[in-house]
1. Restricting to the range 100-132, count the residues that are farther than 30 Å from Val33 by Cα, of a type outside the set (A, V, I, L, M) and touching a helix residue (DSSP H, G or I) at 6+ places or on another chain (Cβ under 6 Å).
2. Can you pull out every residue in the range 145-160 that is under 13 Å from Ser76 (Cα atoms) and in contact with a Phe, Trp or Tyr (Cβ under 6 Å, 6 or more places away or on another chain)?
3. Pairs please, first residue from the range 32-53 and in a helix (DSSP H, G or I), second anywhere and buried (at least 18 other Cβ atoms within 10 Å of the Cβ) and polar (S, T, N, Q), Cβ atoms under 6 Å, 6+ apart in sequence or on different chains.
4. Evaluate the following for Leu27: is it in a helix (DSSP H, G or I), farther than 18 Å from Thr142 by Cα, free of Cβ contacts under 8 Å to residues at least 60 places away in the same chain and not hydroxyl-bearing (Ser, Thr, Tyr)?
5. Give me a count of the residues in the range 4-24 that are more than 20 Å from the chain's Cα centre (by Cα) and free of Cβ contacts under 8 Å to residues at least 12 places away in the same chain.
6. Of all residues in the range 54-96, which are in contact with a helix residue (DSSP H, G or I) (Cβ under 8 Å, 6 or more places away or on another chain), part of a loop (DSSP other than H, G, I, E, B), farther than 16 Å from Ile138 by Cβ and in contact (Cβ under 8 Å) with a residue 40 or more places away in the chain?
7. Please indicate, with yes or no, whether at least one residue in the range 1-13 is out of contact with any strand residue (DSSP E or B) (no Cβ under 9 Å at 6 or more places or on another chain), assigned to a helix (DSSP H, G or I) and of a type in the set (D, E, K, R).
8. From (1) modelled with pLDDT of 85 or more; (2) closer than 30 Å to Gly62 by Cβ; (3) surrounded by fewer than 18 Cβ atoms within 10 Å (Cβ to Cβ), pick out the condition that doesn't hold for Ser146.
Amino acid sequence: MAADRAYYNSTVQAIALSLAFAAIVILAMTRSVILTLLSSICISTVLAVVLLIVYMEDKEIGQAETVGFAVAIGLSVNYVVQLAAEYAKSVFETRHKKMEIAYKNVGVSLLSSAITAFGSSVFLFGGNLLLVRKVAVIIASTISISFLAAIVIFGSLAHSCGPQAITIFTVLRQKTQEKFDKFKTDTTAV
């Protein structure tokens with residue numbers, strides 16, 4: 001019982017430290033607190049769902065799960081970080097256009113990476129050791145959930161509340177467009 005508790009505590013500590021380190025790296029890379037927060041939400045979601053899958057399967061965290069989570073922590077960061085970096089370096093002003101370009105630039109490589117990583121993890125299911133099969137479940141579920149979280153959750157969060165480049169020129173252009181539209185409707189009404 002004490003060993004199981006130690007495995008659980010070390011897994012939780014590793015997750016917390018990794019999330020903090022990932023947030024620091026994402027913040028340094030994107031220079032955006034908002035993107036860092038959105039990415040951290042996605043990574044936390046992935047790890048929580050994988051932890052739930054492990055709990056539903058075994059009801060405990062042992063040696064195999066601790067090893068699997070050491071790998072899962074790194075895998076859960078990959079796809080979200082790539083999308084966040086593409087979003088951050090986009091020169092477009094609107095969230096929609098920034099996310100569209102991020103999908104176009106790295107979407108195919110993310111999908112290819114997910115298929116390759118998931119395909120290679122499938123071979124672990126054929127292992128004779130229970131430890132290998134438990135790690136296979138963690139890795140395969142982490143890859144698939146991480147990909148879906150990056151594409152669906154991060155994409156929708158970035159679309160709805162991601163940073164956008166609002167400059168004085170954007171505001172002036174919007175005001176000019178509004179005045180032009182008002183003038184256009186006033187002249188057509190006459």
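1. Within the range 100-132, residues that are farther than 30 Å from Val33 by Cα, of a type outside the set (A, V, I, L, M) and touching a helix residue (DSSP H, G or I) at 6+ places or on another chain (Cβ under 6 Å) number 4.
2. Answer for the range 145-160, where residues must be under 13 Å from Ser76 (Cα atoms) and in contact with a Phe, Trp or Tyr (Cβ under 6 Å, 6 or more places away or on another chain): Ser146, Phe147, Ala150.
3. What qualifies is Ile43/Ser76; Val46/Ser76; Val46/Ser146; Leu47/Ser76; Val50/Ser141; Val50/Thr142; Ile53/Ser141.
4. Details: in a helix (DSSP H, G or I): yes; farther than 18 Å from Thr142 by Cα: yes; free of Cβ contacts under 8 Å to residues at least 60 places away in the same chain: yes; not hydroxyl-bearing (Ser, Thr, Tyr): yes.
So Leu27 passes the test.
5. Of the residues in that region, 4 qualify.
6. Phe92, Glu93
7. Step one: list which residues in the range 1-13 are out of contact with any strand residue (DSSP E or B) (no Cβ under 9 Å at 6 or more places or on another chain), which gives 1-13.
So of that shortlist, the ones also assigned to a helix (DSSP H, G or I) come out as 2-13.
This time we only want the ones that are of a type in the set (D, E, K, R), so: 4-5.
Scanning the range 1-13 turns up at least one residue that is out of contact with any strand residue (DSSP E or B) (no Cβ under 9 Å at 6 or more places or on another chain), assigned to a helix (DSSP H, G or I) and of a type in the set (D, E, K, R).
8. Exception for Ser146: condition (3).
The values are calculated or read from the model by the stated rules, or taken from the named source; none is laboratory data. Note that this is a predicted model, so its numbers are computed, not measured. Note that each Cβ is placed from the backbone with ideal geometry, even for glycine, and that neighbours are counted across all protein chains shown.
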